[in-house]
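Quick notes on the structure that follows.
All of the numbers you see were taken from the coordinates with simple rules; none came from a lab. Since we're looking at a predicted model, the values are computed, not measured. Note that each Cβ is placed from the backbone with ideal geometry, even for glycine, and that neighbours are counted across all protein chains shown.
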Amino acid sequence: MNSEEQAQGEKRVMRLLVEPLKKRGLAKPTTLTVAGFEEMIRDMCARLAYMSEASLMALEEQVAANPGGKDRDRFPIANLILSWAADIQPPGDGASPLIRAVFAHECGKTALAEGWAPELLAELRKTRRWPGTWALNAVRDAAASAVRRMRNLDADLARGEELGPVDREWRDRRIALIQRCREIAEGQAQ
């Protein structure tokens, strides 16, 4: 997402989520100062800029039905709204700063070099948290059979053998996923 798309997305979030909730009477959480609430709204708009109009309208409906505060007249905290947003429309690979950071980091480069980047991407999409050593080892172990299959298919091709349609489709999908991970690592993913 380029800076113009980001700015348009932030305006869309303000128009379709924040302003309608304010019109419904939802006020700032009592735990936040006015400046803190404004910063929460700015940050939330930046994080939700990827969402479509339909998804934002669905999110507005869900937030309105689940207000915060003891009198149920407050904005829920941003973390809860962001969680609901991810359920309604998960951010794409290129939209997630976390996924971009992991693939730009040494662990992402290792995953690309060793061939288990698609499994790392799937794990990041699922957990939305930075992978620790244990998680990286688990992902690598889970990917071992796919990495081995890819090497075997590449070896077959190198010997001039024809691949069956199932193997060819599987290999093509895996190559596309690896390329997607490479684009994320290089900051080219949209």
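Data overview
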| quantity | calculated |
| --- | --- |
| The chain: calculated mean residue ellipticity at 222 nm from DSSP helix runs of at least 4, using -39500 (n - 2.57) | -21500 deg cm²/dmol |
| Per-selection Rg to Rh, region 81-127 - Cα, Kirkwood hydrodynamic radius | 1.03 |
| Gain upon complete extension [Ala86, Ala158; 0.36 nm per residue less C-alpha separation] | 21.6 nm |
| Debye log10 I(q)/I(0) for the chain, one point scatterer per Cα, at q = 0.08, 0.11, 0.15 Å⁻¹ | -0.37, -0.63, -0.93 |
| Sorted peptide list for 176-184, 128-136, criterion being average Cβ within 10 angstrom, highest first | 176-184, 128-136 |
| Charge dipole magnitude, Cβ of K and R +1, D and E -1 - the chain, Cα centre, debye nearest 20 | 460 debye |
| Where labels lie 7 Å past Cα in the beta-carbon direction, separation of Arg72 and Ala122 in nm | 4.1 nm |
| Positive-end residue of Ala122, Val18, Asn152, charge dipole of the chain with Cβ unit charges | Val18 |
| Cα shape, region 1-57, gyration tensor, a/c 1.5 rule | oblate |
| Formal net charge of residues neighbouring Ala85 (Cβ-Cβ distance under 12 Å; K, R +1; D, E -1) | 0 |
| Förster-model FRET efficiency, 22 Å R0, Ala54 and Lys23, C-beta, rounded to 0.05 | 0.70 |
| Extension gain from Val147 to Val34, taking 0.36 nm per residue of separation minus the Cα-Cα distance | 35.5 nm |
| Rg and Dmax [Cα atoms of region 68-181; Å; Rg one decimal, Dmax integer] | 18.8, 72 |
| Highest average packing first - 55-61, 66-72, Cβ atoms within 10 Å | 55-61, 66-72 |
